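Chemist: Sharing a structure here in structure tokens format.
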Amino acid sequence: MNSKERLDAFIAGSAVDRRPNLTIVGSTVCRMNRIDIPTYCKEWRRMEEAAELAAHEYRLDFIQVASDLVREAEGYGTEVAFPADRLPYAAGYALEDITDVSRLHPLKVQDIPRLCDLVLAAQKAAECADIYPMTLAVGPATVAGNIRGVEDLMMDSLDEPEAVEELLDIVTETSLDFLKCLAETGQKYFYVADPVASLLSPRMYLNLILPRQKKIFDRGRELGLTGRLHMCGNTTHVIEYTSQLGAAIVDIDHMVDYGEALEKAAGRCILNGNIDPVADVFSCDAAHTHDTILALGQKYASEKAMFMPGCELPTTTPTENILAIADALAEIG
Amino acid sequence: MNVFESIADSLERGRAKEVSAKVTEALDNGVSPEQILNEGLVVGMNVIGEQFKNNEVFVPEVLVAARAMNAGLKILKPYLQKEGVEPVGKAVICTVKGDMHDIGKNLVKMMIEGQGIECIDLGVDVDPQRIVDAVKESGAKLVCLSALLTTTMYGQKDVIDALKAAGIRDQVKVMVGGAPVTQAFADEIGADCYTLDAASAAKAARAYFD
Ligand code: B12
């Protein structure tokens, strides 16, 4: 079985030779073609090349077409800093006051240079014969957080909920256009990462974020794309809802109890994740990584579930530890 | 509801303007500033801290409560100083080098201040040497370090090493925290204390000074 066959089969509920490996290897891919992090974020050809090499080297079942979480926000006017040795971040926010949201209007992919780059990278990655690309659309809460500042957005969501909804609607439009571009370049999979969404109460998540995330997954389905949701942090309180979004795969971080999550998801999606990326992959030896994945996998072997680090790996995670993930998944079968 | 309960109630609901108005009114009526702080603001913030720990409220609610606490404190501070109310102790707090996350750090600071401990906040992305300098200048007995990235958490060890190199490691307690930090990690780098959340951090900090 090659990776494409494996991923398709597992999602369809058919037999596979081993569990698919969807580890978010993040900027560890930079070591593949010796690029630095700013190059990885700014030069799509180098990024795609690194991601494709990494997918083969690490025995992943997707090509990670992604680098950072600030591409969309940058388009809306957030100032982005690109430090030499770490991932870019918002250094100045586009919205000083949430009520200024009326000044913004929805942007298309073509208006945002680094988002166009991501589409080009996805298109190139789709030429790979044996592994599917899976491309990152940053989720609405996180894009809005990077436009307004997370702390302020959190307070705005209580003070000025209507204005926050307006901002979320605007950024969601960009994501919908992004999916259209992905579909046009022959993609089959995409993923939505929305780490900021897990900071809200279940009620606020339901009112503000879930309807926009749902719109994104609905559009994906209309376009023939299969979606995956990555919301790190403790999402226990919302799994009941995220499992109903229409994402085929929902990632869960290590603070979530897998058994409880499976119960809450009730078979509506495939859960994926649950290993601590630091304690069990970054700062340990390969044997520990292997044993941790294997133990989790064996515990839930009869479930239609996948196992990987719950969140992105640190840049300097040892290669042998990343390989140990694939080894353990092969043993789980 | 008495005046303190009323202040705490407004704080818990994140109503900064209400808190300011009620604190001003209480002061005008001759209520002691220390009592307003300890029986009003601190009690309210403790309730929020506990609720946050138990997943009954979430980050937005804590942030607006913290904003309301700050509004109250701003009015109280000059009165507290005039009355000669001394802080229980001093702490230096910051997010370590390379890390810009400060929501958690700010909550920890707020809760620790609520315990009557003065916090010297060095902000984010802080060089170990600046922390050493701040400890020397202020005579703080507690250093609180936050890290949210797996790539920056070892920066907490760099601070401990810098404190050792400066010969002042045994004069301070080092408390570490942040999402990727664990008790095992804290032990590994030789920190004195780790807590999972801000409410527990405040309790542990207070215990050092009692
Ligand atoms: C908000 C946020 C941001 C904001 C930060 C805004 C700000 N002013 O802080 C912004 C957008 C700027 C940001 C930037 C980045 N982020 Co960020 N961010 C988050 C997010 C969504 C929430 C963090 C948070 O505030 N949590 C809420 C607070 C209350 O929790 P807390 O900090 O853990 O604090 C509690 C406890 O830990 C404890 N505590 C905290 N400090 C201390 C200290 C002491 C002494 C003690 C005792 C206790 C203690 O008490 C607190 C309250 O109870 C997380 C994902 C998530 N859902 O957790 C990602 C996350 C931490 N970020 C991440 C990343 C990768 C980044 C970036 C590199 C790239 C990016 N754009 O995403 C940049 C890095 C910038 C830099 N150099 O630091 C990753 C980290 C992955 C990893 N493995 O390391 C995460 C996990 C998201 C993800 N999966 O991508 N981020």
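The values are calculated or read from the model by the stated rules, or taken from the named source; none is laboratory data. No experiment lies behind these values; they were computed from the predicted model shown. Glycine gets a Cβ as well: all are built from the backbone with ideal geometry, and neighbour counts include every protein chain shown.
Chemist: Name the single residue, out of those in segment B:155-182 being assigned to a loop (DSSP other than H, G, I, E, B) and within 18 Å of B:Cys193 (Cβ to Cβ), that is nearest to the chain's Cα centre (by Cα).
Modeler: Residues of segment B:155-182 assigned to a loop (DSSP other than H, G, I, E, B): B:166-168, B:172, B:178-182.
With the extra rule that they be within 18 Å of B:Cys193 (Cβ to Cβ), the set shrinks to B:168, B:172, B:178-182.
Working: B:Ile168: 22, B:Val172: 17, B:Gly178: 13, B:Ala179: 17, B:Pro180: 19, B:Val181: 18, B:Thr182: 19 Å.
Among those that are assigned to a loop (DSSP other than H, G, I, E, B) and within 18 Å of B:Cys193 (Cβ to Cβ), it is B:Gly178.
Chemist: A follow-up question, please. Restricting attention to segment B:1-43, which residues are within 14 Å of another protein chain (Cβ to nearest Cβ) and acidic (Asp, Glu)?
Modeler: Those that are within 14 Å of another protein chain (Cβ to nearest Cβ) and acidic (Asp, Glu): B:Glu12, B:Glu18.
Chemist: If I filter segment B:88-105 for residues that are more than 16 Å from the ligand (Cβ to nearest atom), of a type outside the set (Phe, Trp, Tyr) and closer than 18 Å to B:Ser200 by Cα, do I get at least one hit?
Modeler: Yes, that holds for at least one residue.
Chemist: Do we find a residue being more than 16 Å from the ligand (Cβ to nearest atom), modelled with pLDDT of 95 or more and closer than 18 Å to A:Ala73 by Cβ anywhere in segment A:148-163?
Modeler: yes
Chemist: Any chance you could count how many residues in segment B:131-153 are in contact (Cβ under 8 Å) with a residue 60 or more places away in the chain and not in a strand (DSSP E or B)?
Modeler: Within segment B:131-153, residues that are in contact (Cβ under 8 Å) with a residue 60 or more places away in the chain and not in a strand (DSSP E or B) number 1.
Chemist: Right, next: Considering (1) crowded, with 17+ Cβ neighbours inside 10 Å; (2) within 14 Å of chain B (Cβ to nearest Cβ), say which one A:Gly92 fails and leave the rest.
Modeler: That leaves (1) as the condition not met.
Chemist: Kindly indicate whether A:Ala183 is surrounded by fewer than 24 Cβ atoms within 10 Å (Cβ to Cβ), in contact (Cβ under 8 Å) with a residue 12 or more places away in the chain, within 25 Å of A:Asp8 (Cα to Cα) and within 14 Å of the ligand (Cβ to nearest atom).
Modeler: no
Chemist: Could you tell me which of the residues B:Ile120, B:Ile112 is of a type in the set (Val, Ile, Thr), more than 14 Å from chain A (Cβ to nearest Cβ) and part of a helix (DSSP H, G or I)?
Modeler: That would be B:Ile112, the only listed residue that is of a type in the set (Val, Ile, Thr), more than 14 Å from chain A (Cβ to nearest Cβ) and part of a helix (DSSP H, G or I).
Chemist: For segment A:6-65, give me the residue count where each residue is part of a helix (DSSP H, G or I), among the aromatic types (Phe, Trp, Tyr) and away from the ligand (no atom under 16 Å from the Cβ).
Modeler: 2
Chemist: State which residue is farthest from the ligand (Cβ to nearest atom) when the search covers only segment B:170-191 and only residues that are among the charged types (D, E, K, R) and surrounded by fewer than 16 Cβ atoms within 10 Å (Cβ to Cβ).
Modeler: To start, the set of residues in segment B:170-191 that are among the charged types (D, E, K, R) comprises B:170, B:173, B:187-188.
Imposing the further condition that a residue be surrounded by fewer than 16 Cβ atoms within 10 Å (Cβ to Cβ) reduces the set to B:170, B:187-188.
On the way: B:Asp170: 19, B:Asp187: 14, B:Glu188: 16 Å.
Among those that are among the charged types (D, E, K, R) and surrounded by fewer than 16 Cβ atoms within 10 Å (Cβ to Cβ), it is B:Asp170.
Chemist: Give the residues of segment B:166-185 that are within 12 Å of chain A (Cβ to nearest Cβ) and either farther than 22 Å from A:Ser283 by Cα or at pLDDT 95 or above (or both), sorted by residue number.
Modeler: Scanning segment B:166-185 gives a single hit, B:Gly178.
Chemist: Taking B:Leu163 and the conditions (1) within 14 Å of chain A (Cβ to nearest Cβ); (2) of a type in the set (A, V, I, L, M); (3) more than 9 Å from the ligand (Cβ to nearest atom); (4) closer than 21 Å to B:Glu118 by Cα, which numbered condition does it fall short on, given that it satisfies the others?
Modeler: It fails just one condition, (1).
Chemist: Return the pair list, or none, for Cβ contacts closer than 6 Å from residues in segment A:285-303 that are free of Cβ contacts under 8 Å to residues at least 24 places away in the same chain and at positive phi to residues that are assigned to a loop (DSSP other than H, G, I, E, B) and charged (D, E, K, R), at least 6 apart or on different chains.
Modeler: none
Chemist: Right, something else. Which condition breaks for A:Glu263 when tested against (1) away from chain B (no Cβ under 14 Å); (2) of a type outside the set (A, V, I, L, M, F, W, C); (3) not in a helix (DSSP H, G or I)?
Modeler: Condition (3) is where A:Glu263 drops out.
Chemist: With respect to B:Ala134, determine if the residue is at pLDDT 95 or above, away from the ligand (no atom under 13 Å from the Cβ), crowded, with 18+ Cβ neighbours inside 10 Å and in the same structural domain as B:Ser20 (by TED's automatic domain parsing). Break it down stepwise before answering.
Modeler: Working: at pLDDT 95 or above: yes; away from the ligand (no atom under 13 Å from the Cβ): yes; crowded, with 18+ Cβ neighbours inside 10 Å: yes; in the same structural domain as B:Ser20 (by TED's automatic domain parsing): no.
In short, no.
Chemist: For A:Met306, all conditions in the list (1) within 12 Å of the ligand (Cβ to nearest atom); (2) outside any loop (DSSP other than H, G, I, E, B); (3) buried (at least 22 other Cβ atoms within 10 Å of the Cβ) hold save one; what is the number of the exception?
Modeler: So the condition that A:Met306 fails would be (1).
Chemist: Condition (residue is in a helix (DSSP H, G or I) and within 14 Å of chain B (Cβ to nearest Cβ)) applied to segment A:174-191: is it met by at least one residue?
Modeler: Looking through segment A:174-191, none of the residues is in a helix (DSSP H, G or I) and within 14 Å of chain B (Cβ to nearest Cβ).
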